[in-house]
Amino acid sequence: MPQLDHRLRLLRRHARGWAAELRPYALDLDGDPDVVLRLRDATAFHHAARLQIPAAFNPSPLVLAGERFLLTSALERVVFCEEIARGDLGMMLALPGASMSGVLVAAIGDRAQQEWFYGRLLERPTWTFFALTEPDGGTDAAGLRTRATESTDGCGWHLTGRKRYISNALRASMGVVFHRTGDGPLGLGAALVDTTAAGFTATAVPTLGVRGAQLGALHLDAVPITAEQLLGRHLSPMRRGSWGWQRTFNLLRPTVAAMAVGLAQAACDHVREHRRVLRPDERDLLARVAGEIEGVRRLTRRAAVAVDADSGSGHLASAAKLRATRLAIGVTRWALGSFGPGARLDQPLLDKFARDATALEYMEGTGNVQRLAVAAALDRGAFDGYPGVGPTATTGGR
Ligand SMILES: Cc1cc2nc3c(=O)[nH]c(=O)nc-3n(C[C@H](O)[C@H](O)[C@H](O)COP(=O)(O)OP(=O)(O)OC[C@H]3O[C@@H](n4cnc5c(N)ncnc54)[C@H](O)[C@@H]3O)c2cc1C
């Protein structure tokens, strides 16, 4: 991946400044997820709420020094998300906006569905949810059990089921519920849902990391929806189901990788700032860690460019997500270790970074799932080699 061009460097520079505004509230948000509601004047809050809205629906896109940014490409999202996560990963996940649902709506929504979704986002800062995972598991999306059942009078549908670990579930006012209308892969679907609908209940799920994301469980008790809310009704069952979903996940994965890179960078910055005197061996290790972060950053950008070119080709995105998660976990633990025993108590921000890093393992598919995708790509000759394999400064090879 070449260096960022002028436009993307501009975006990165501004996003870095917006992230710095958020950092002072990182630990507060970790203690109380409602802190984000009091940050409406923060620049990142304001911009995130209106990003990812395509040009056709967006009368006032973000303009920086005469350049327009929509964040509808994976590469732009990667640049933005890395910087905001470098400020604070919990905050990154707590901000309002189109988020993951926006990518799905852009991929498979019809014109009316997109108008409704983006129109709501333009009205006011709005949180969205993306409800795929169920209590019985999230990895096997095709095994989900939530049902959409057509009313006997043919006037609509009802959603019934349970979802779990859903980001922003309690503060969202709309989102996407993955469900099935019938058995087998052709029965899979996703629907736009308003959280004020009858039968929709969200409750908090306590977590150790990324507490700002305020994960929740959804209880869907015959939630009424219209046929117009069934996403991709203009597409074939395959295209609005697993085909469309896979492309959406491929587009999202580099973004999670970028958040992991941002978190690793934040931990590295913390060591630089707070361990002013380093032994020569510690200085060497710090330099190796910085080099490792840069390598994974490049892999992540390459993955974003690859999915922007072909969203059906997700193997680089899987490699980046796998590698970046391992990096974030390794670097945050190394950073804690460099402050000696008691670091978890003496360095509360680093302790939080290490807890947040562990959560990345589960977002957008676990490491095992990414390994399977990378192995399948290797098998069919899609890679010349496995990018990033080999021992690392903080984690060793795995
Ligand atoms: C911070 C955070 C935010 C999240 N946000 C959302 C959200 O907004 N929306 C949403 O829908 N979900 C969300 N999730 C849930 C996340 O997507 C799931 O945790 C993830 O998909 C894994 O599902 P699971 O936890 O049910 O584990 P399972 O699917 O039950 O897997 C358990 C273990 O088995 C392994 N495993 C499973 N299948 C295989 C296989 N075929 N081969 C090898 N190993 C396998 C997995 O790697 C894992 O280690 C979030 C999770 C976190 C931590």
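The values are calculated or read from the model by the stated rules, or taken from the named source; none is laboratory data. Remember, it's a predicted structure, so these values are computed and weren't measured experimentally. Here the Cβ positions follow ideal geometry from the backbone for every residue, glycine too, while neighbour counts run over all protein chains shown. Quick note on the areas: whole protein, heavy atoms, side chains included, nothing else; ligands and nucleic acids left out. Shrake-Rupley method; radii C 1.70, N 1.55, O 1.52, S 1.80 Å.
Could you please give the count of residues in region 154-172 that are within 15 Å of the ligand (Cβ to nearest atom) and open to solvent by less than 60 Å² (accessible area, probe 1.4 Å)?
Counting residues in region 154-172 that are within 15 Å of the ligand (Cβ to nearest atom) and open to solvent by less than 60 Å² (accessible area, probe 1.4 Å) gives 9.
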#### Entry: Check on residue 303, touching a residue at least 12 places away in the same chain (Cβ under 8 Å) and either within 16 Å of the ligand (Cβ to nearest atom) or surrounded by fewer than 24 Cβ atoms within 10 Å (Cβ to Cβ) (or both)
no
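Is there a residue in region 142-149 that is within 12 Å of the ligand (Cβ to nearest atom) and without any contact (Cβ under 8 Å) to a residue 40 or more places away in the chain? Working first, answer last.
From region 142-149, those within 12 Å of the ligand (Cβ to nearest atom) are 142-144, 146; that's our starting set.
Still in the list and also without any contact (Cβ under 8 Å) to a residue 40 or more places away in the chain: 143.
Among the residues of region 142-149, at least one is within 12 Å of the ligand (Cβ to nearest atom) and without any contact (Cβ under 8 Å) to a residue 40 or more places away in the chain, which makes the answer yes.
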Item to complete: Assess whether residue 266 counts as being assigned to a helix (DSSP H, G or I), within 25 Å of residue 90 (Cβ to Cβ) and more than 17 Å from the chain's Cα centre (by Cα).
Response: yes
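Please verify whether region 276-292 includes one or more residues that are surrounded by 15 or more Cβ atoms within 10 Å (Cβ to Cβ), in a helix (DSSP H, G or I) and in contact with an Asp or Glu (Cβ under 9 Å, 6 or more places away or on another chain).
As a first pass, look at region 276-292 and keep what is surrounded by 15 or more Cβ atoms within 10 Å (Cβ to Cβ): 285-286, 289-290, 292.
Now drop any that are not in a helix (DSSP H, G or I), which leaves 285-286, 289-290, 292.
Keeping just the survivors that are in contact with an Asp or Glu (Cβ under 9 Å, 6 or more places away or on another chain) gives none.
No - not one qualifying residue is present in region 276-292.
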Here the qualifying pairs (Cβ atoms under 7 Å; residues six or more apart or on different chains; first in region 257-284 and farther than 25 Å from residue 78 by Cβ; second aliphatic (A, V, I, L, M)) come out as 278/286
Checklist entry - In this structure, does residue 239 turn out to be open to solvent by 50 Å² or more (accessible area, probe 1.4 Å) and either closer than 17 Å to residue 86 by Cα or assigned to a helix (DSSP H, G or I) (or both)? => result yes
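Out of the residues in region 336-369 that are among the acidic types (Asp, Glu) and open to solvent by less than 40 Å² (accessible area, probe 1.4 Å), which is nearest to the ligand (Cβ to nearest atom)? Lay out the reasoning, then the answer.
At the first step, the residues of region 336-369 found to be among the acidic types (Asp, Glu) are 346, 351, 356, 361, 364.
Within this subset, residues satisfying the condition of being open to solvent by less than 40 Å² (accessible area, probe 1.4 Å) are 351, 356, 364.
Values: 351: 17, 356: 8, 364: 7 Å.
Going through the qualifying residues, I end up with 364.
Wholly within region 54-137, which helices (runs of 4 or more DSSP H) include no fewer than the required count, namely at least 2 residues that are within 16 Å of the ligand (Cβ to nearest atom), in contact with a helix residue (DSSP H, G or I) (Cβ under 6 Å, 6 or more places away or on another chain) and not assigned by TED's automatic domain parsing to the domain that holds residue 304? So that I can check it myself, show each step before the final result.
On the way: elements: 74-87, 89-94, 99-108, 111-123.
Filter on region 54-137 gives 74-87, 89-94, 99-108.
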Within region 360-377, the residues that are touching a Ser or Thr at 6+ places or on another chain (Cβ under 7 Å) and either basic (Lys, Arg) or not in a loop (DSSP other than H, G, I, E, B) (or both) are 360, 367, 369, 370, 373, 374
Restricted to region 120-145 and to residues being touching a Lys or Arg at 6+ places or on another chain (Cβ under 7 Å) and among the polar types (S, T, N, Q), the residue least open to solvent (accessible area, probe 1.4 Å) is 126
